[in-house]
Amino acid sequence: MTSTSPSNTSGASLVFMHTSSAHIATFNGLRDQIVPGMRIGHIVREDLLCAVRKAGAVTVAVELKLEEALSEAAKAGAERIVCTCSTLGGVAESADVADAHVMRIDRPMAREAAWIGGRVAVCAALPETLGPTLSLVEEEIEKTGRFSTVQARVFDGVWDDFRDGRLRDYHGGIAARLRDVAMTADVVVLAQASMAPAADLCGDIGVPILSSPVTGFQAAIAGMVPEMA
């Protein structure tokens, strides 16, 4: 089933496309902190991530439905569309959407991780997210011209807590696993935007823990808001 948030995308030049309605509050909160009063829109397509999980990969059908959703947002007036789903980010970024610039929320995070370099640990709550995020991080590392190693970790079992709305358990489960990861890493990448609050639960780890919402939001509004240009 297609799920669309109560927020009206009509008239919003910046639109965020999510695969969970839980992200609406996150990005509205960032808007209120960084650019109060700016109008943003939201599209929620839970069905797309469900289809990917069922198939085990992003299918052609999912690609077509995603491009259709992005194009509809552009027709409604969106000038910039940000895909907050890391699993679909690469597909969204390469979609053929007229009259709108499509971004993926996690590219600024991946770029920062690449410049920190060394031993980069990419952590995900869903296995389907690992491939797209690893490809993105490796792409950004290659741009630096420096050598870094990348390790991948999937935190099995925690996604059920997110799916069922147990966010405290979800973030706590991630934080507990991050301590082990950090022992063999120079920088930790949280592959999914939903994982971000877990970093606040383990601030004493001693290595940078990067997440996508803040840096992605700042990149999204750059050029749209004078002081962020």
Expected single match for surrounded by 16 or more Cβ atoms within 10 Å (Cβ to Cβ), more than 16 Å from Val187 (Cβ to Cβ) and touching a strand residue (DSSP E or B) at 6+ places or on another chain (Cβ under 8 Å) among Ala114, Ala73, Ala110, Ala121 is Ala73
Counting only residues that are closer than 21 Å to Leu48 by Cα and touching a Ser or Thr at 6+ places or on another chain (Cβ under 9 Å), region 113-129 contains a total of 5
Subset of region 29-45, residues surrounded by 14 or more Cβ atoms within 10 Å (Cβ to Cβ) and in a helix (DSSP H, G or I), comes to Leu30, Arg31, Ile34
Condition met for Ala114 (assigned to a helix (DSSP H, G or I) and touching a Cys at 6+ places or on another chain (Cβ under 9 Å)) = no
Query - Check on Ala92, of a type in the set (Gly, Ala, Ser), in contact (Cβ under 8 Å) with a residue 12 or more places away in the chain and outside any helix (DSSP H, G or I) - result: no
Just one listed residue, out of Val154, Val189, is in contact with a Pro (Cβ under 6 Å, 6 or more places away or on another chain), at pLDDT 95 or above and either over 26 Å from Ile81 (Cα atoms) or outside the structural domain of Thr84 (by TED's automatic domain parsing) (or both), and it is Val154
Among helices (runs of 4 or more DSSP H) completely within region 145-221, the ones holding 1 or more residues that are more than 19 Å from the chain's Cα centre (by Cα) and in contact (Cβ under 8 Å) with a residue 12 or more places away in the chain are 167-182
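The values are calculated or read from the model by the stated rules, or taken from the named source; none is laboratory data. In this text, all values refer to a predicted model and were calculated from it rather than measured experimentally. Ideal geometry is used to build each Cβ from the backbone, glycine not excepted, and the neighbour counts take in all protein chains shown.
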